[in-house]
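Working notes, beginning with the structure itself.
The values are calculated or read from the model by the stated rules, or taken from the named source; none is laboratory data. This is a predicted model, so every value here is computed, not measured. Because the Cβ atoms are built from the backbone with ideal geometry, glycine has one as well, and the counts that use them run over all protein chains shown. Ligands, DNA and RNA are stripped out before the accessible areas are found, and what is left, the full protein with its side chains, is counted by its heavy atoms. Shrake-Rupley method; radii C 1.70, N 1.55, O 1.52, S 1.80 Å.
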Amino acid sequence: MAAPPQGPAPERPQSHIVRENPARIGEIVGRVPVADAARVDRVVRDAEAGQRDWREVPAEERADVLRRAADAMDALPGIAALLARESGKPLGDCAGELRFAAAYLRWAASQAPAVYADREVDDAAGRLVLRRRPYGVVAAVTPWNAPVILTLLKVGPALAAGNTVVVKPSPLAPLAVTRVLELFPPGLVQVVHGGAETGRALVGHPAVHRVAFTGGAEAARDIGATAARVITPTVMELGGNDPVVLLDDADLSDEAMDRLVMASFATAGQVCMAAKRLYAPRSRLAEVRDAYLAAADRTLVLGDPLEEGTTVGPVISAGAAARVRALVADAVQRGGTAIGLGAVRVDVERGHFVRPTLVMGVADDAPVVAEEQFGPVVPLLPYDDEDEAVARANTGELGLGASVWSADEERAFAFARRFEAGFTFVNTHNRTGMALRAPFGGVKRSGHGREYGAEGLLEYVQTCAVHAPAAFRPGGAGMGAGAYPL
Ligand code: NAD
């Protein structure tokens, strides 16, 4: 009997993730196919094959790929609106993220060839060449709150260094970032969609040699364990519970207070480096509160992300809204006061809208202070002296960002050294304090590794050495006294 024809194995029907607009419950924004372990394997093997050619491309040409992707991003129609509809972030916010991401790609392109260049010393001790070697295939597992920039912070340097990349975006905002990644040449960056199961298949794949993760602690623990089984190193950007310390000479002008308010409520507070605990001198507490409420009236408009004037959109999901409301209810039950902030210009039942809220009169052990709220609520807390403020600011396992506000810059920089934080802002906090050249990342349980800056580029290479000790070079004198004997 003739053998049946051997065609390619039929693809199993794929399941899909359907993304709904968090500002309009029931409105479907798009869908993406879920990658199972077999698909992840094919994609990683493709990326592995592609990397062998890509790593041989000269560094300047690799950098040009980043520049071209940045230009194409700038010209991509409708991308900010797509990001706004899937994430609930105000349209201006989304456009800002895209512009910043393009700027980052251009910056990385301008720096990468020099940062990754070979280094050589040839002196009395011998000849030493240091080579920056790409890892191979990089897996990037990314969150939903700023999906484009948080993905390109990994993809940009990884590609510039000569790696190829497989990205697993968050199922809560997979659409805009996928469109952006399609702007890179085929084969260099690939996308697999899904949740934890897809992420695990990717992170634990034996042909992946570097994992870059941004997200929460629970996923981080699992990803760390999965990567450890195949001895793959990770870089992790995790949550924060950033303190803000206003010193007694802090500027409470409208402009400064508007900046402070937006540092907490941009992206409805769902930012790892949002200003999450405000410490003010007790002697100025009432003054700070009044200035803060006035600033909130000027800056906060809860509304539809696509409508002009909206500065705060919905939170990402019904679960997130319930969690944030429970934090506020708990604070009130503990005797605290919850003050609704800014204007509400939307039917809050239409989406996952939570009114921005200032909480006062709670102790530091209330969950609204002690936990990362990741939503539009922030506590204002009095302190009596600076040593106490530092100690309270440094309480807890997280150490991502912090800020100090003072009219005296020297005093602010001296104070900043006392924070247990990877990044301290002076007289600002959150996005307005970010700089492409300044490395960003956490200490303590807020993660390890850095993004931005030369340090962020160096996360995607390993330094390899070639060494000819002087003693053994042609004509050398052999091993002398003081050498390390065999
Ligand atoms: P998350 O940890 O739930 O998910 C992040 C990504 O990991 C998603 O793609 C998700 O599908 C994937 N994932 C989840 N479990 C996994 C597992 N077991 N194995 C493999 N992949 C898995 O985070 P989120 O809700 O998307 O984002 C919110 C968190 O991210 C907050 O804690 C926030 O502070 C943090 N964050 C940190 C930074 C930073 O730069 N430090 C930036 C943004 C967000």
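Among the residues of region 468-486, which ones are open to solvent by 90 Å² or more (accessible area, probe 1.4 Å) and at pLDDT 90 or above?
Of everything in region 468-486, those that are open to solvent by 90 Å² or more (accessible area, probe 1.4 Å) and at pLDDT 90 or above turn out to be Phe472, Pro474.
Out of (1) within 7 Å of the ligand (Cβ to nearest atom); (2) under 24 Å from Arg45 (Cβ atoms), what's the single condition that is false for Gly240?
(2)
Looking at (1) assigned by TED's automatic domain parsing to the domain that holds Leu172; (2) within 16 Å of the ligand (Cβ to nearest atom); (3) open to solvent by 40 Å² or more (accessible area, probe 1.4 Å), can you tell me which one Ile231 breaks?
Status for Ile231: all satisfied but (2).
Would you pick out the residues in region 243-276 that are within 10 Å of the ligand (Cβ to nearest atom) and of a type in the set (A, V, I, L, M, F, W, C)?
Val271, Cys272, Met273, Ala274
Restricting to region 448-469, name every residue that is part of a strand (DSSP E or B) and either within 26 Å of Arg106 (Cα to Cα) or aromatic (Phe, Trp, Tyr) (or both).
Once the filter is applied, which keeps residues that are part of a strand (DSSP E or B) and either within 26 Å of Arg106 (Cα to Cα) or aromatic (Phe, Trp, Tyr) (or both), region 448-469 yields His448, Glu451, Val461, Gln462, Thr463.
Go through region 254-290 residue by residue and tally those that are assigned to a loop (DSSP other than H, G, I, E, B) and open to solvent by 10 Å² or more (accessible area, probe 1.4 Å).
The total comes to 3.
Might you check whether a residue that is among the polar types (S, T, N, Q), over 19 Å from the mean Cα position of the chain (by Cα) and near the ligand (Cβ under 9 Å from one of its atoms) occurs anywhere in region 175-191?
no
Could you figure out which of (1) within 28 Å of Ala81 (Cβ to Cβ); (2) in contact with a helix residue (DSSP H, G or I) (Cβ under 8 Å, 6 or more places away or on another chain); (3) assigned to a helix (DSSP H, G or I); (4) open to solvent by 20 Å² or more (accessible area, probe 1.4 Å) isn't true of Ala322?
(2)
Look through region 42-61, keep the residues that are among the hydrophobic types (A, V, I, L, M, F, W, C) and open to solvent by less than 30 Å² (accessible area, probe 1.4 Å), and return whichever of them is nearest to Tyr116 (Cα to Cα).
Ranking the candidates gives Trp54 first.
Kindly indicate which of Glu182, Glu218 is under 28 Å from Leu398 (Cβ atoms), without any contact (Cβ under 8 Å) to a residue 12 or more places away in the chain and either open to solvent by 10 Å² or more (accessible area, probe 1.4 Å) or among the β-branched types (Val, Ile, Thr) (or both).
Answer to the selection: Glu218.
If I go through region 234-253 residue by residue, how many of them are in contact with a strand residue (DSSP E or B) (Cβ under 6 Å, 6 or more places away or on another chain) and either open to solvent by 40 Å² or more (accessible area, probe 1.4 Å) or assigned to a helix (DSSP H, G or I) (or both)?
Total meeting the criteria: 1.
Out of region 446-467, which residues are open to solvent by 40 Å² or more (accessible area, probe 1.4 Å) and within 11 Å of the ligand (Cβ to nearest atom)?
Selection gives His448, Arg450.
If you scan region 156-178, which residues turn out to be part of a helix (DSSP H, G or I) and farther than 13 Å from Arg19 by Cβ?
Gly156, Pro157, Ala158, Leu159, Ala160
Which one of the conditions (1) surrounded by 24 or more Cβ atoms within 10 Å (Cβ to Cβ); (2) closer than 23 Å to Gly313 by Cβ does Ala160 fail to meet, given that it meets all the rest?
Here Ala160 meets the rest and fails (2).
Please verify whether Asp64 is open to solvent by 70 Å² or more (accessible area, probe 1.4 Å), over 17 Å from Glu308 (Cα atoms) and in contact (Cβ under 8 Å) with a residue 12 or more places away in the chain, treating the condition exactly as stated.
no
Considering only region 416-425, I want to know if a residue exists there that is within 14 Å of the ligand (Cβ to nearest atom), assigned to a strand (DSSP E or B) and without any contact (Cβ under 8 Å) to a residue 60 or more places away in the chain.
no
Scan Val390, Val362, Val378, Val404 and give me the residue that is closer than 16 Å to Ala268 by Cβ, modelled with pLDDT of 95 or more and either in the same structural domain as Lys89 (by TED's automatic domain parsing) or out of contact with any His (no Cβ under 9 Å at 6 or more places or on another chain) (or both).
Answer to the selection: Val378.
Looking at Gly78, Gly136, Gly92 in this structure, which one is over 18 Å from Gly156 (Cβ atoms) and surrounded by 15 or more Cβ atoms within 10 Å (Cβ to Cβ)?
Gly92
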